[in-house]
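Everything below concerns the one structure shown next.
The values are calculated or read from the model by the stated rules, or taken from the named source; none is laboratory data. Please read all numbers here as calculations on a predicted model, not as lab measurements. Here the Cβ positions follow ideal geometry from the backbone for every residue, glycine too, while neighbour counts run over all protein chains shown. Ligands, DNA and RNA are stripped out before the accessible areas are found, and what is left, the full protein with its side chains, is counted by its heavy atoms. Shrake-Rupley method; radii C 1.70, N 1.55, O 1.52, S 1.80 Å.
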Amino acid sequence: MSKILMCAPDYFEIGYEINPWMQGNIARSSPAVAAEQWQKLHDTIAQFAQIELIPPQPGLPDLVFTANAGIILENRVIISRFYHPERQGEEPYFTEWFDRHGFQVHTLPLRLPFEGAGDALLDREQNWLWAGYGFRTELDAHNYLANWLDIEVLSLRLIDRRFYHLDTCFCPLSGGYLLYYPSAFDRYSQQLIESRIPPHKRIAVSETDAIKFACNSINLDEIIVMNDASSSLTGKLESAGFKLITTPLSEFLKAGGAAKCLSLKLNELRPTAARAVVNLPLVTEQIELVGHLLDSGLMNRALDRIVDAGGSFQVLKFDLGEQRHSTSRAQVKVSAPDRAMMEDILAQLIDLGATSDRVPDRDRAIPPNARLEKVIQAGVAPDEFYVTNIYPTEIRYRGEWVRVRQQRMDGTIVVREIGGKVMATCKLIRDLQVGDMVVVDTAGIRRIEQPEVRTEASEFGFMSSGVSSERRVELVVEQVAWDWQRLKDRGGRMVVTAGPVVIHTGGSQHLAALIRHGYVQALLGGNAIAVHDLEQSLYGTSLGVDLQRGKPQSGGHRHHLKTINLIRKYGSIEAAVKAGIITSGIFYECVKAGVPYSLAGSIRDDGPLPDTEMDLIKAQQDYANLIYGADSILMLSSMLHSIGVGNMTPAGVKMVCVDINPAVVTKLADRGSIESTGVVTDVGLFLRLLVHQLGI
Ligand code: NAD
């Protein structure tokens, strides 16, 4: 006969808020109703099991939830280490009770949260333990469960705060059935469940049943006891051969618990006499983060990424930089339920930008070499290829760190040895050749810290990643002007990418002035900016609108196509300028000053102009060539071209993005590069202010 541990609700109340159910319910439970509901549950269970009682304790209102005492298997119990201090006082009472009742008690290390049978449920048929993590229990605790209980542990990640314990949304039943609420789990965990429980044994509950705590059930052979169930769920359970007993537990629901939480099965046996499978599911790695970890927010972001991606962490060491400019160093142990998730987490940590040295083996602090795999199909990378980001990166090859050349986002890293010299280069997938050796996984890859970026950042206080409001536009303009002046004086390289709005907003004469005065070394755009600029030069209109008067000119829309036709007749913009047809404007100045430009085609293009490159791969290459070596890029009102340019620009290049739409600006600033800044304003106004500030 089953033995169940319960605790009378003499001191039960809602005295604190540690889960969403408790919110707004402090002191709102009725002791009398709670006592009556608990007694009814007790009496119901007593018909099918023997009940043991642990004495209630004043000041420990949640002691009623005996499921959270620990996890039991045969004569062993692993006592809970509660996540919230409010419940930690329960630990000695449970420990003492189990000691006294002849259990072999295991205690987890301090600060390693694990919440007992709330987060660990034995499968009723198979020799494995389902273990939850995400809110209360740390993933690392699962290793201890596997070792101490000598059982395979299947880790499930909880993602819905309302279902903070595994037993609130997951209930293994006899006969190999499973009652559960799938949406409480991440995709990986749902797949794990589906891989272990056949479809006809999975009884998924609706949200309506889930929030009545239908999964928080007590299962004693064919009997299921729960708070409440819809008729459809009742039907499903009955047709699987179960007998359902509902007994209201509303007072306990206010604290986030129901039938299962109020009980703990004491005589848990291994489901089958099968061999003990010890399969440690956890993959762990040690990561080293170096950088301005606290003031840049990097530490927080790194830890958030680990958790968001489904892993967990333990900070092993943290050395805070002693001075403002010195860097901090942290050693973090990352755990994940499998290798694929670990690789995903590590790739994200490298992307985040701290130097991250993966230490493969705790005793050997030598980073591993990067793993290479051969390309076997042209234009297709090996499955696990490492995806590059904008940051200067090094890879480890034969024990040496090698700097990656032509760094850009969304590429692969190809390693070659030429005459004994090792070269690592970013290459786009489409450019890969059969036989290229491509870096795979994340081992032996690190981002290089750039101390000079920090110096510049503090010098240019405004150049911190973020969006400037209208009020700050003038200040930003002053800073850009000052920066550009210095770059020009030292022969720096400034690149502008611009959309047609520059012309509509009257910015063309200002951009033309910047080009004329040597502030622009390359111009990137599309068909539209060129057509509108040339139309303005020829007719004084842009898409038929008279820019002087701001009014559509009658028959003006034809100017647009006539312009295209005229340039086509001359064969190129340059030819039209040289023939004296075009006498002003942005492209006139480019031709006159010998400033190279590239016009990338798009599906929206009319014409196109003969200069517009409709082969997009070629256009991307032209853009990349013109961006190469840029010190500063000004992005003016073109979502398409600005984001395209942002993706192909390595870190270290200052970028200023001007757009009326904050979303565009944020997207660029979100590159995480501290050198990029966004200005939400009218582009015509911005250019006017910039030219004025430069005094040209
Ligand atoms: P886009 O949508 O990529 O970008 C326009 C951007 O301008 C938007 O982000 C918008 O928020 C911003 N904007 C609007 N008003 C603004 C203002 N007053 N100040 C600052 N920002 C402002 O469009 P795009 O770059 O104009 O065009 C995309 C592609 O389509 C380009 O390749 C372009 O050449 C092509 N196109 C061709 C034609 C043509 O051939 N006739 C016409 C239009 C666009």
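Condition check for residue 388 on (1) in contact (Cβ under 8 Å) with a residue 40 or more places away in the chain; (2) buried (at least 21 other Cβ atoms within 10 Å of the Cβ); (3) not in a strand (DSSP E or B): one failure, at (1). Report yes if some residue within region 186-198 is outside any helix (DSSP H, G or I) and surrounded by fewer than 16 Cβ atoms within 10 Å (Cβ to Cβ); otherwise report no. Yes, there is a match, as at least one residue in region 186-198 is outside any helix (DSSP H, G or I) and surrounded by fewer than 16 Cβ atoms within 10 Å (Cβ to Cβ).
Listed here are the residues, each with its yes/no results for (1) at positive phi; (2) in a strand (DSSP E or B); (3) open to solvent by 60 Å² or more (accessible area, probe 1.4 Å); (4) more than 16 Å from the ligand (Cβ to nearest atom).
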{"residue": "531", "(1), (2), (3), (4)": "no, no, no, no"}
{"residue": "554", "(1), (2), (3), (4)": "no, no, yes, yes"}
{"residue": "558", "(1), (2), (3), (4)": "no, no, yes, no"}
{"residue": "569", "(1), (2), (3), (4)": "no, no, yes, yes"}
{"residue": "576", "(1), (2), (3), (4)": "no, no, no, yes"}
{"residue": "582", "(1), (2), (3), (4)": "no, no, no, yes"}
{"residue": "587", "(1), (2), (3), (4)": "no, no, no, no"}
{"residue": "595", "(1), (2), (3), (4)": "no, no, no, yes"}
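Listed conditions (1) open to solvent by 10 Å² or more (accessible area, probe 1.4 Å); (2) modelled with pLDDT under 95; (3) in contact with a Phe, Trp or Tyr (Cβ under 9 Å, 6 or more places away or on another chain) are all met by residue 121, apart from (2). Collect the residues in region 67-100 that are over 26 Å from residue 179 (Cβ atoms) and loosely packed, with under 15 Cβ neighbours inside 10 Å, keeping them in residue-number order. Residues satisfying the conditions are 75, 84, 85, 88, 89, 92, 96, 99, 100. Residues in region 392-408 that are open to solvent by 10 Å² or more (accessible area, probe 1.4 Å), farther than 15 Å from residue 629 by Cα and of a type outside the set (A, V, I, L, M, F, W, C): 394, 396, 397, 398, 399, 400, 403. Where helices (runs of 4 or more DSSP H) fall entirely within region 610-696, those with at least 2 residues that are in contact (Cβ under 8 Å) with a residue 12 or more places away in the chain and farther than 30 Å from residue 563 by Cβ are at 662-669. Of the residues examined, residue 649 is not one that is within 25 Å of the chain's Cα centre (by Cα), surrounded by fewer than 19 Cβ atoms within 10 Å (Cβ to Cβ) and more than 11 Å from the ligand (Cβ to nearest atom). The lone criterion from (1) among the hydrophobic types (A, V, I, L, M, F, W, C); (2) at pLDDT below 95; (3) surrounded by fewer than 22 Cβ atoms within 10 Å (Cβ to Cβ) left unmet by residue 656 is number (3). Only one entry of 627, 696, 617 meets the criterion of being more than 8 Å from the ligand (Cβ to nearest atom), open to solvent by 30 Å² or more (accessible area, probe 1.4 Å), among the β-branched types (Val, Ile, Thr) and within 24 Å of residue 412 (Cα to Cα), and that entry is 617. For region 439-455, the criterion of being modelled with pLDDT under 75, of a type outside the set (Lys, Arg), in a loop (DSSP other than H, G, I, E, B) and open to solvent by 20 Å² or more (accessible area, probe 1.4 Å) is satisfied by at least one residue. Screening 411, 419 for residues that are modelled with pLDDT under 90 and either within 19 Å of residue 347 (Cβ to Cβ) or surrounded by fewer than 17 Cβ atoms within 10 Å (Cβ to Cβ) (or both) leaves exactly one candidate, 419. Of the residues making up region 277-296, not a single one is of a type in the set (D, E, K, R) and modelled with pLDDT of 95 or more. For the criterion of being surrounded by fewer than 13 Cβ atoms within 10 Å (Cβ to Cβ), within 45 Å of the chain's Cα centre (by Cα) and either within 13 Å of the ligand (Cβ to nearest atom) or in a loop (DSSP other than H, G, I, E, B) (or both), residue 604 passes. Could you check, for region 669-690, whether at least one of its residues is within 13 Å of the ligand (Cβ to nearest atom), touching a helix residue (DSSP H, G or I) at 6+ places or on another chain (Cβ under 7 Å) and within 21 Å of residue 389 (Cβ to Cβ)? Yes, the conditions are met somewhere in region 669-690. From the list 154, 122, 112, the lone residue that is closer than 23 Å to residue 202 by Cα and within 25 Å of the chain's Cα centre (by Cα) is 154.
A single member of 479, 536 is part of a helix (DSSP H, G or I), more than 15 Å from the ligand (Cβ to nearest atom) and open to solvent by 10 Å² or more (accessible area, probe 1.4 Å), and it is 479.
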